[in-house]
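Undergrad: Pasting in a structure now, in structure tokens, and then I'll have a few things to ask.
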Amino acid sequence: MIVVLTGAPGAGKGTQADLIAEKLGYKKISTGDALRRQIQIGSDIGKQAQSIMAEGRLVPDSVLLGILKSELDAAGSKPVLLDGYPRNLAQAKALQDLVGTGLIKAAVHLDVDYQSLANRITGRRTCVQCGASYHVANSPARVEGVCDKCGGSLIQRPDDDAEKVKTRLQIYENDTRPILDFYRDLGLYHRVDGNSPAPKVFAELSGLLQSLGT
Ligand code: AP5
């Protein structure tokens, strides 16, 4: 069973996906995290993706499909939450072809006002070691620059500066937003208001997932 979690950059997908994995037992598949791991280990995929991601553009669909397949294989029988895939119509159709209709139970759109997104992204700090995410104002680490969970260093992602954020939001509008209608047409679309503090968003999101019987 698969739930797609979609939304603009900075909407809180990763934050909510971590909570759903921890509290509801889902396997979180984040294609952004998977790509960053490839960069960290210096693989061919990582080398190909690094500059594309740093510019805020989308990595080629063929690369993502390979990553998706291996992550889904590793998930076994657990319910899966997809964070960051699909990112365009071609990927949405590829996912349907890969898993068949029926396995995708819902596509949840985490909807956040545009003025909040840039602030959330530019204030984000990410742990180089475990990938945990913080925000300098909304959810700061206990010790500045140090991850609460593993003691790793906190950095600003290369694609999190104001210029790159503009590119990422434009790509979201052009390429990703059309998948909302794709899922509406399939009767799978649900909207969750992502503007509230993270615990309140989680309460709404987990309530929705439970009401869907997922
Ligand atoms: P990816 O890592 O998926 O980035 P993204 O979609 O741009 O999303 P973000 O990670 O920026 O934000 P988020 O929604 O997860 O928010 P978060 O919870 O961190 O992708 C990165 C790149 O990889 C892409 O640009 C592309 O190059 C490539 N890529 C990935 N998937 C791909 C695909 N399928 N095809 C092609 N290329 C692909 O929260 C953000 C901040 O806000 C944090 O600081 C957090 O603490 C804070 N925050 C969270 N929730 C709240 C809240 N409710 N209130 C206040 N602050 C909050």
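Undergrad: Among ILE171, ILE179, which is the only one that is touching a residue at least 60 places away in the same chain (Cβ under 8 Å) and within 20 Å of GLU55 (Cα to Cα)?
TA: Answer to the selection: ILE171.
Undergrad: In this structure, does ILE121 turn out to be among the aliphatic types (A, V, I, L, M), surrounded by 16 or more Cβ atoms within 10 Å (Cβ to Cβ), more than 13 Å from GLY7 (Cβ to Cβ) and near the ligand (Cβ under 9 Å from one of its atoms)?
TA: No: the conditions fail for ILE121.
Undergrad: Let me ask something else about it. Whether any residue in region 139-150 is in contact (Cβ under 8 Å) with a residue 24 or more places away in the chain and not hydrophobic (A, V, I, L, M, F, W, C) is what I want to check.
TA: Yes, region 139-150 has at least one match.
Undergrad: Go through region 151-163 and give me each residue that's without any contact (Cβ under 8 Å) to a residue 40 or more places away in the chain and within 14 Å of the ligand (Cβ to nearest atom).
TA: Of everything in region 151-163, those that are without any contact (Cβ under 8 Å) to a residue 40 or more places away in the chain and within 14 Å of the ligand (Cβ to nearest atom) turn out to be LEU154, ILE155, GLN156, ARG157, ASP160, ASP161, GLU163.
Undergrad: Which residue out of VAL146, VAL201, VAL192 is at pLDDT 95 or above, open to solvent by 30 Å² or more (accessible area, probe 1.4 Å) and of a type in the set (Val, Ile, Thr)? Working first, answer last.
TA: Numbers: VAL201 fails: open to solvent by 30 Å² or more (accessible area, probe 1.4 Å); VAL192 fails: open to solvent by 30 Å² or more (accessible area, probe 1.4 Å).
The conditions single out VAL146.
Undergrad: Could you figure out which of (1) closer than 25 Å to GLY207 by Cα; (2) open to solvent by less than 20 Å² (accessible area, probe 1.4 Å) isn't true of LEU24?
TA: (2)
Undergrad: Another one. Among (1) modelled with pLDDT under 95; (2) out of contact with any helix residue (DSSP H, G or I) (no Cβ under 6 Å at 6 or more places or on another chain), which single condition is SER62 missing?
TA: (1)
Undergrad: Give the residue that is nearest to the ligand (Cβ to nearest atom), with candidates limited to residues of region 24-35 that are over 9 Å from the mean Cα position of the chain (by Cα) and within 20 Å of ASN88 (Cβ to Cβ).
TA: So, considering only residues that are over 9 Å from the mean Cα position of the chain (by Cα) and within 20 Å of ASN88 (Cβ to Cβ), the one nearest to the ligand (Cβ to nearest atom) is LEU35.
Undergrad: Hey, can you tell me all the residues within region 105-126 that are among the hydrophobic types (A, V, I, L, M, F, W, C), at pLDDT below 95 and out of contact with any Asp or Glu (no Cβ under 8 Å at 6 or more places or on another chain)?
TA: Matches in region 105-126: LEU117, ALA118.
Undergrad: I need a count of the residues in region 149-161 that are within 19 Å of the chain's Cα centre (by Cα) and loosely packed, with under 15 Cβ neighbours inside 10 Å.
TA: 4
Undergrad: For ILE104, indicate whether it is more than 13 Å from the ligand (Cβ to nearest atom), open to solvent by less than 70 Å² (accessible area, probe 1.4 Å) and β-branched (Val, Ile, Thr).
TA: In short, yes.
Undergrad: Going by the conditions given, is ALA21 more than 7 Å from the ligand (Cβ to nearest atom), within 21 Å of HIS135 (Cα to Cα) and modelled with pLDDT of 95 or more?
TA: So ALA21 fits the description; yes.
Undergrad: For residues that are surrounded by fewer than 18 Cβ atoms within 10 Å (Cβ to Cβ) and touching a residue at least 12 places away in the same chain (Cβ under 8 Å), scanning just region 40-57, find the one that is nearest to the ligand (Cβ to nearest atom).
TA: Checked region 40-57; the qualifying residue nearest to the ligand (Cβ to nearest atom) is ARG57.
Undergrad: Name every residue in region 174-187 that is within 24 Å of TYR114 (Cα to Cα), open to solvent by less than 80 Å² (accessible area, probe 1.4 Å) and away from the ligand (no atom under 13 Å from the Cβ), in order of residue number.
TA: Across region 174-187, the qualifying residues are PRO178, LEU180, PHE182, TYR183.
Undergrad: Oh, and also: So, in region 127-143, of the ones that are in a strand (DSSP E or B) and within 8 Å of the ligand (Cβ to nearest atom), which residue ends up surrounded by the most Cβ atoms within 10 Å (Cβ to Cβ)?
TA: Filtering region 127-143 for residues that are in a strand (DSSP E or B) and within 8 Å of the ligand (Cβ to nearest atom), the one surrounded by the most Cβ atoms within 10 Å (Cβ to Cβ) comes out as TYR134.
The values are calculated or read from the model by the stated rules, or taken from the named source; none is laboratory data. Treat the numbers as computed from the prediction; the structure is a model and nothing was measured. Methodologically, a virtual Cβ is constructed for each residue, glycine included, from the backbone with ideal geometry; neighbour enumeration extends over all protein chains shown. For the accessible areas, the whole protein counts, side chains as well, though only heavy atoms, and no ligand, DNA or RNA atoms are used. Shrake-Rupley method; radii C 1.70, N 1.55, O 1.52, S 1.80 Å.
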